[in-house]
Amino acid sequence: LKISKESALGRYNEEKSQEIERRYFLQKELMHALRRNEFLLYYQPQFDTRTNQITGMEVLLRWNHPALGIISPAEFIPIAEETGLIIDIGKWSMQEACRQLRHWQKTKSPDLRLSMNLSVKQFYQPDLVPMVTNVLRDNSIIPEHFELEFTESLSMHNSETFIRTIRELKNIKIHLSIDDFGTGYSSLSYLTQLPLDKIKIDRSFVHNMLSSKQDEIVIKAIIGLAENLGLQMIAEGVESEVQAAFLEAHGCHHMQGFLFSRPLPHDQITEMLSKQYI
Ligand code: C2E
Ligand code: CA
Ligand code: CA
Ligand code: CA
């Protein structure tokens, strides 16, 4: 018994140290990734199930490392946030995505919209609002076609900088949505205090709503809340017809998920848009 205990501990320590080593390596490599052109953007279409049309796309970042292959943002975004690299990476993504959006608007879908994820760190970047303004102007994109998603976090509450930035972004007419709604630090006062446009229902509720009564109750409550506050909503992580039908029946018509499309590189999106005029 003693021996197996020790070897389990040994394995645990070894895994831990491998994890730390990988993180250290990624951190080192991330510093050069932008210059080496290793980032690419994927786009995941969002659908209106009443019209069966694409209404927008969420931009999802990918890191294609020459030795490790594609690395998930879930792994490298936290490192980028910690090191501050997220500022430059965020700026690059916005430029790249807006250039692509403009191209799609000119050639395929004039009313296509794009939505991007914004890290907490980026809210505290002093030139965020002028930067966004410039990128939109440089690409002739009207702010109504551009959306920023952010998650609620404890640090944002009562932060003047955060609230001011949100108001400034709204002043320039950008759409604002709360991502992963219902998870994390949720304060309902948020919804009435901030000039928000949309709630993104977290995919954990969508995943569990058909098997858990509690999640069913929560998802119905979120839909009711959005309706009563006059907010738009979209359900994330929709993977099955049954889920889509349930959401439809309860009044949520905007959806994103593997059922409709996985996140795809730009050329495959172009092909998809060619088959559909918005
Ligand atoms: P998120 O903003 O909640 O993005 C949705 C995630 O759900 C994406 O993972 C997407 O691929 C995945 N997803 C979409 N449909 C389905 C589905 O039907 N089922 C399941 N199981 N998953 C689905 P991804 O691309 O790995 O991104 C993970 C997270 O990384 C994002 O979560 C977001 O928080 C962050 N992220 C991605 N790109 C960026 C970025 O450019 N900037 C920042 N700050 N964060 C980003
Ligand atoms: Ca998101
Ligand atoms: Ca989300
Ligand atoms: Ca998330």
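The values are calculated or read from the model by the stated rules, or taken from the named source; none is laboratory data. These figures come from a predicted structure and were not determined experimentally. Neighbour counts run over all protein chains shown; Cβ positions are idealised from the backbone, glycine included. Protein only, heavy atoms only, side chains kept; ligands, DNA and RNA dropped before computing areas. Shrake-Rupley method; radii C 1.70, N 1.55, O 1.52, S 1.80 Å.
Of note:
- Assessment of region 258-266 against the conditions (over 14 Å from Pro45 (Cα atoms) and in contact (Cβ under 8 Å) with a residue 24 or more places away in the chain) yields no matching residue.
Residues checked against (1) under 30 Å from Trp104 (Cα atoms); (2) among the hydrophobic types (A, V, I, L, M, F, W, C):
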site	(1), (2)
Leu60	yes, yes
Pro66	yes, no
Ser72	yes, no
Ile79	no, yes
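- Residue list for region 190-222, filter: closer than 30 Å to Ser159 by Cβ, charged (D, E, K, R) and open to solvent by less than 50 Å² (accessible area, probe 1.4 Å): Asp197, Lys198, Lys200, Asp202
- Count of residues meeting criterion [of a type in the set (Val, Ile, Thr) and within 24 Å of Asp138 (Cβ to Cβ)] in region 63-110: 4
- For region 130-165, a residue qualifies if it is assigned to a helix (DSSP H, G or I) and within 16 Å of ligand 1 (Cβ to nearest atom), and the qualifying residues are Met131, Val132, Val135, Ser155, Met156, Phe162, Thr165.
- Filter result (under 16 Å from Glu271 (Cα atoms) and under 15 Å from the mean Cα position of the chain (by Cα)) within region 42-74: Tyr42, Tyr43, Gln44, Pro45, Gln46, Gly56, Met57
- Criterion (over 21 Å from the mean Cα position of the chain (by Cα), in contact (Cβ under 8 Å) with a residue 24 or more places away in the chain, closer than 16 Å to Thr49 by Cβ and more than 16 Å from ligand 4 (Cβ to nearest atom)) met by exactly one of Glu248, Glu241: Glu248
- The residues of region 267-278 that are without any contact (Cβ under 8 Å) to a residue 24 or more places away in the chain and either over 24 Å from Arg62 (Cα atoms) or within 21 Å of the chain's Cα centre (by Cα) (or both), listed by number, are Asp267, Gln268, Lys275.
- Qualifying residue in region 259-277 (condition: under 28 Å from Glu96 (Cβ atoms), of a type in the set (Gly, Ala, Ser) and modelled with pLDDT under 95): yes
- Test: residue in region 204-211 that is touching a helix residue (DSSP H, G or I) at 6+ places or on another chain (Cβ under 9 Å) and more than 16 Å from ligand 3 (Cβ to nearest atom): yes
- Region 130-163, residues that are open to solvent by less than 50 Å² (accessible area, probe 1.4 Å), more than 22 Å from Gln193 (Cβ to Cβ) and not aromatic (Phe, Trp, Tyr): Met131, Val135, Leu136, Asn139, Ile141, His145
- Of the criteria (1) polar (S, T, N, Q); (2) within 16 Å of ligand 2 (Cβ to nearest atom); (3) in contact with a helix residue (DSSP H, G or I) (Cβ under 9 Å, 6 or more places away or on another chain); (4) touching a residue at least 40 places away in the same chain (Cβ under 8 Å), which one Gln95 fails: (2)
- When Ser261 is tested against (1) of a type outside the set (Asp, Glu); (2) open to solvent by 50 Å² or more (accessible area, probe 1.4 Å); (3) assigned to a loop (DSSP other than H, G, I, E, B); (4) within 26 Å of Leu114 (Cβ to Cβ), only condition (2) is not met.
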